[in-house]
Amino acid sequence: MEIIFRAIYNQPDETEIGHKIWHRESLLLDAVSATANTGGFTPLTAIARFFDWDRDLINAASLQCNAVGQIAVIKEVNPLLLLVPKTDGRNDETFLINDLIAAANATHTEILSFTHFGFIQNKLPALEIRSILGVLMNPDLKTTIRVLVWDIDLRHRIEMMRIYDEYKKKVKKGLDLSN
């Protein structure tokens, strides 16, 4: 799988008030992966507005996704939406990234727009990112995803690339990716 990091510039007014207003579409994609959070001006709200998705459907799906704690596949929208429940610091990102990969495989997703880190209000969640990369960069991973377009808030791209480079070195040396 090829991982392409896409630096997302957020408008100063968005970062100042902590509200995501705009979404920048990935040029090619089969599916969008987004966090199930529609409470206010969130990235999912911006994505839904951009694609003109039914807001009642997205709100209901988000509530259900968070209640169950698993990936929800929303086939009624275009492009396909893979909703990921909010983690709220529960350290369940390894389960969730594996569940996301299973959902992508089940829907034959080849190009996935991974929007979860395109708008970061505080510090970069490095532990979550390391857990996710540990799964995604595992040489034994079986997936239909050929290209994962990973949105990263421009303000955190340098730190993100340091973490990614660390994992590339681990893969090259055949080291354990789980830590």
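We did not get these values from a lab; they are worked out from the coordinates using the rules stated. Quick caveat, the model's predicted, so the values are computed rather than measured. Please note: Cβ atoms are built from the backbone with ideal geometry, for glycine as well, and neighbour counts cover all protein chains shown.
For labels at residue 175 and residue 59 in the simple 7 Å Cα→Cβ model, what's the distance in nm?
4.8
What share of the DSSP beta bridges in the chain is antiparallel, in percent to the nearest 5?
15
What spacing in nm lies between the two simple spin-label points modelled at residue 50 and residue 87, each 7 Å away from Cα in the Cβ direction?
Each label point lies 7 Å from its Cα, and together they span 2.1 nm.
So how tilted is helix 157-173 from the main axis of the chain? Cα-based, degrees 0 to 90, rounded to 10.
Roughly 40 degrees between the two axes.
Relative to the longest principal Cα axis of the chain, at what angle does helix 126-136 sit, 0 to 90 degrees, rounded to 10?
70
Amide H neighbours of residue 150 under 5 Å, at least 5 residues apart or on other chains, H built in the peptide plane: list them.
Here the answer is 4, 5, 6, 114, since their amide H atoms fall under 5 Å of that of residue 150.
Starting from the Cα-Cα distance between residue 5 and residue 142, subtract it from 0.36 nm times their residue separation and give me the gain in nm to one decimal. The partial results should precede the final answer.
Numbers: separation 137, 0.36 × 137 = 49.32 nm, distance 2.08 nm.
Gain on extension, residue 5 to residue 142, equals 47.2 nm.
When the Karplus curve 6.51 cos²θ - 1.76 cosθ + 1.60 is applied with θ = phi - 60°, which whole-Hz ³J(HN,Hα) does each residue of the stretch 102-115 get, with x for Gly and Pro?
3J(HN,Hα) across the stretch 102-115, in whole Hz: 4, 5, 5, 5, 5, 9, 6, 6, 9, 10, 10, 8, 9, 9.
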